[in-house]
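The values are calculated or read from the model by the stated rules, or taken from the named source; none is laboratory data. As the structure is a prediction and not an experimental result, all values here were calculated from the model. Cβ: placed from backbone, ideal geometry, glycine included. Neighbour counts: every protein chain shown. Calculation scope for accessible area: heavy atoms of the full protein, side chains included, ligands and nucleic acids excluded. Shrake-Rupley method; radii C 1.70, N 1.55, O 1.52, S 1.80 Å.
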There are 2 protein chains.
Amino acid sequence: MVASTPAERPEPDGSDVDSTLPTVSETSPTVSEIGEFAVIDRATRGRVQAETTIVGPGDDAALVAVADGRVVATTDMLVQGRHFRLDWSTPEQVGRKAIAQSGADVAAMGARPTAYLVSLGCPPATPIAVTDGLTDGLWLEVAVSGGSIVGGDLVQSGQVVISVTALGDLAGRPPVLRSGCRVGDVVAVAGRLGWSAAGLALFGAGIDALPDVLAAHCVPSPPYEQGPIAAAAGATAMADVSDGLVADLNTLAHASGVGIDIRSTDLVVDPELLQAADLVGEHALGWVLGGGEDHALVASFVSRDDVPQGWTVIGVVIEGDGVTVDGASAPNAGGWDSFQR
Amino acid sequence: MVASTPAERPEPDGSDVDSTLPTVSETSPTVSEIGEFAVIDRATRGRVQAETTIVGPGDDAALVAVADGRVVATTDMLVQGRHFRLDWSTPEQVGRKAIAQSGADVAAMGARPTAYLVSLGCPPATPIAVTDGLTDGLWLEVAVSGGSIVGGDLVQSGQVVISVTALGDLAGRPPVLRSGCRVGDVVAVAGRLGWSAAGLALFGAGIDALPDVLAAHCVPSPPYEQGPIAAAAGATAMADVSDGLVADLNTLAHASGVGIDIRSTDLVVDPELLQAADLVGEHALGWVLGGGEDHALVASFVSRDDVPQGWTVIGVVIEGDGVTVDGASAPNAGGWDSFQR
């Protein structure tokens, strides 16, 4: 098993490996040349707002319709050299990843994303081809997840920083919390596992093969629609896999006061992962169990009959605490700590 | 007139003047020593949540009650060395400023802040005395503005970056937009003008006097409650003064397709500003007209009789475009551009 990390590997001394200014082409003007308001205009003009947007970008704040009477809200920050590298990812991929990370959190509550707010910090010498790529990526992923970007902020910073807040709609359902697992529930997963970690391993080894795996590291594919589907099917608990399958199941187990046993033979190890593992000399199952950032969804259901199409049963809720794999203590149980790796 | 800037002055080459690691005392452990989850625990444990918080920090996302059926949402990012300096401001002051900046935007729509989401990026060597101070400041200002912090994110970054999203409640009223000024309306202001710019001038000159003015630069005092009061009184347009009085009135004038004439004799120039102006050899009225970051509120009303207590009439909406002072072209009309200064 490998100790995969869900983010880009920083240098051992904590410095960033990619703290250089973003560059694209020498012909692109910079954000300081065209100015803040022109950049914002390029990011917002002509974009299609969701039906729930009452007031979009341009005023002091946005106004979003919330028919449910409750709104799901979550926020995430991505930092250049820490959560993405502009020498590995295109600006468009970074934008997509930023939306996916917050959108997956909304889905993991059983909700549908309705609105996003995006703050971008970047150096003044950032080419507008980079900010254009980022905003195109943001809007592309929003088109996948649902909702629209209703507001944001643009500031000057030393490295590229993106902060995304996502709002979501539960459509009258109760939120699906992490604490709802009950002994006897089955545990299932929707979406890909291990792909981002496999891509990271390829990047780290400098192996330019398996483009789909490399792309999966740059842009996760959260199964957004499966969040509300699982909630409607009676999911008792749910989370998205941001830190790693074992680590995130551990948060469910801990919050619910139970144990979770995974059957390794029920885990899908995609053939692409086996090929990547061969190339870098690592174990694909380690990526599936320990790799984060794919933003798959894991959930528990009262019975196998409740598990909707698109989900794969991988284990069961048991008495105890923590996560076991085939009854044995699980590796990679520590989880991701932003300051420990 | 001075060309006051609403943010800390960066060096002419665009580099940050305060990009050093935050330090407090050599006895404070660092965030990397105690870890992400311990820092988050210290930021959230025992804090009082608003009545509207259905699910607070700790799950994939928060859930907030929205009785109105619409939610106001806005986001702002603050960057060390750009929007605050840890050699001028205490961490607690930085936290308060971060909340105030977004909370004032909610008030400027005529709404009451109900919930905040806060993302913090900081270097691994940041002392927890700094993160504790920041989070104490966040919660202190939330107690002033109303609402509570319902979620957030903590990541590693090269410089301290804080991103705050604020949600707000209009209590059934229409939002007060920037575009509602009509010819003949009176224009009024609530809250302080020029204080932040005066404090910046003192800091810039290295003058350690007038502590209230210095503090006003580090922590704005938005008149949160006047936003809903103005909305209830029928304000036709409203904004907060983040970039400077003339600059922000310009956005109202432009959005409304009108002109605004300010009477300089109606502007309150507080005696502390006159003292500060004497000390640094600048003009206090320049700070009042051009200084940003005090997050006062400016609004237009159909008639003087509509203007609520706590507001001072400073001008009138006229035909034309842009802002004039005593009928003459206004200085500092350009507004703040994050990448031009």
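Per residue, the Cα convex hull of segment B:32-154 amounts to 104 Å³. For chain B, set up a Gaussian network in which alpha carbons nearer than 10 Å are linked by springs, and say which option among B:Cys218, B:Cys181, B:Cys122 fluctuates the most. Among B:Cys218, B:Cys181, B:Cys122, the largest GNM mean-square fluctuation belongs to B:Cys122. Sorted shortest first, the separations between the B:Ile54 label point and its copies elsewhere in the assembly read 1.8 nm; each point sits 7 Å from Cα along the Cα-to-Cβ line. I want to check the label-to-label distance for B:Val313 and A:Val269. Put each point 7 Å from Cα in the C-beta direction and report it in nm to one decimal. Reported label-point gap for B:Val313 and A:Val269 is 7.9 nm. Expressed as a whole percent, the accessible surface of segment B:272-335 that belongs to carbon and sulfur atoms is 46, based on a 1.4 Å probe. Taking 0.36 nm per residue of sequence separation and removing the Cα-Cα distance, the A:Ile34/A:Asp321 pair yields an extension gain of 97.7 nm. Shown for segment A:53-77: residues covered by the partner protein chains by 40 Å² or more of accessible area relative to the chain by itself (probe radius 1.4 Å), namely A:Asp59, A:Asp60, A:Ala61, A:Leu63, A:Val66, A:Gly69, A:Arg70, A:Val71, A:Ala73, A:Thr75, A:Met77. Label-to-label distance for A:Leu140 and A:Glu51 is 2.8 nm, based on points extended 7 Å past Cα in the beta-carbon direction. Taken per residue, the accessible surface of segment A:143-198 reaches 25 Å², heavy atoms only and a 1.4 Å probe.
Here the relative contact order of segment B:186-341, from alpha carbon pairs under 8 Å that lie six or more residues apart, stands at 42 percent. With contributions of -39500 (n - 2.57) from each DSSP H run of at least four residues, the per-residue ellipticity at 222 nm computed over chain B stands at -9000 deg cm²/dmol. With R₀ set to 45 Å, the beta-carbon distance separating A:Thr27 from B:Ser329 gives a calculated FRET efficiency near 0.75. Sorted from nearest, the other copies put their B:Asp321 label points 6.6 nm away, the label point being 7 Å from Cα in the direction of Cβ.
Accessible surface for A:Thr53 stands near 30 Å², nearest 10, in the context of the full protein assembly shown (1.4 Å probe).
Work out the FRET efficiency for B:Glu225 and A:Val302 from their Cβ-Cβ distance, taking R0 = 51 Å, and round it to the nearest 0.05.
It comes out at approximately 0.60.
Seen from A:Gly315, the other residues with C-beta closer than 10 Å to its C-beta sum to a net charge of -3, counting Lys and Arg as +1 and Asp and Glu as -1. Proximity of backbone amide H atoms, modeled 1.01 Å from N, is registered between A:Gly152 and A:Val118, B:Thr75 at under 5 Å, excluding neighbours fewer than 5 places apart on the same chain. Based on alpha-carbon centroids, what's the gap between segment A:166-198 and segment A:114-162 in Å, whole number please? If we compute the Cα centre of each part, the gap is 27 Å. Note on the protein assembly as shown: with charges restricted to the Cβ of Lys and Arg (+1) and Asp and Glu (-1), its dipole about the Cα centre is near 1140 debye. Close amide H contacts of A:Ala115 (hydrogens built in the peptide plane, cut-off under 5 Å, sequence separation of 5 or more or a different chain): A:Ser148, A:Leu167. Taken as Cα centroids, segment B:274-307 and segment A:36-108 sit 34 Å apart, rounded to the nearest whole angstrom. Would you mind counting up the charge near A:Ala237? Only other residues with Cβ under 13 Å from its Cβ, with Lys and Arg at +1 and Asp and Glu at -1. My count for the surroundings of A:Ala237 gives -4. Normalised by the number of residues in chain A, the average gap of Cα pairs under 8 Å and 6 or more apart makes the relative contact order 23 percent. What the phi angles of segment A:85-92 give under the Karplus curve with 6.51, -1.76 and 1.60, with θ = phi - 60°, is a coupling list of 10, 6, 8, 9, 10, 6, x, 4 Hz, glycine and proline written as x. Multiplying the residue separation of B:Ala232 and B:Arg42 by 0.36 nm and removing their Cα-Cα distance gives an extension gain of 64.5 nm.
Mind grabbing the interface size between A and B? I mean buried accessible area, both sides, 1.4 Å probe, in Å² to the nearest hundred.
On the way: alone 14570 and 14570 Å², together 23930 Å².
Chains A and B together bury roughly 5200 Å² of accessible area.
Across chain B, the longest piece that holds none of the GluC sites (Glu not before Pro) lying in DSSP loops with up to 12 other C-beta atoms within 10 Å covers B:52-318. Contact residues in segment A:81-118 by the 50 Å² criterion (accessible area, 1.4 Å probe, full protein complex versus chain alone): A:Met109, A:Leu117.
Where nothing but the Cβ of Lys and Arg (+1) and of Asp and Glu (-1) is charged, how large is the charge dipole of chain A around its Cα centre, in debye to the nearest 20?
So the magnitude is around 580 debye.
Other residues within the sphere of radius under 9 Å centred on the Cβ of A:Gly191, judged by their own Cβ, net out at -1 (K and R +1, D and E -1).
Here the Karplus relation 6.51 cos²θ - 1.76 cosθ + 1.60, evaluated at θ = phi - 60°, turns the backbone of segment A:211-222 into coupling constants of x, 5, 6, 4, 5, 5, 6, 7, 9, x, 10, x Hz, with x for every Gly and Pro. Applying 1/(1 + (r/R0)^6) with R0 = 51 Å to the Cβ-Cβ distance of A:His283 and B:Ala171, what FRET efficiency is obtained, to the nearest 0.05? According to the calculation, E is roughly 0.35.
Remark: segment A:272-280, residue by residue, has Karplus-estimated 3J(HN,Hα) of 4, 5, 5, 5, 5, 4, 4, 5, 9 Hz, where x stands for each Gly or Pro and the curve is 6.51 cos²θ - 1.76 cosθ + 1.60 at θ = phi - 60°. Taking the label point 7 Å along Cα→Cβ, A:Val269 and its counterparts in the other copies are spaced 7.7 nm apart, in ascending order.
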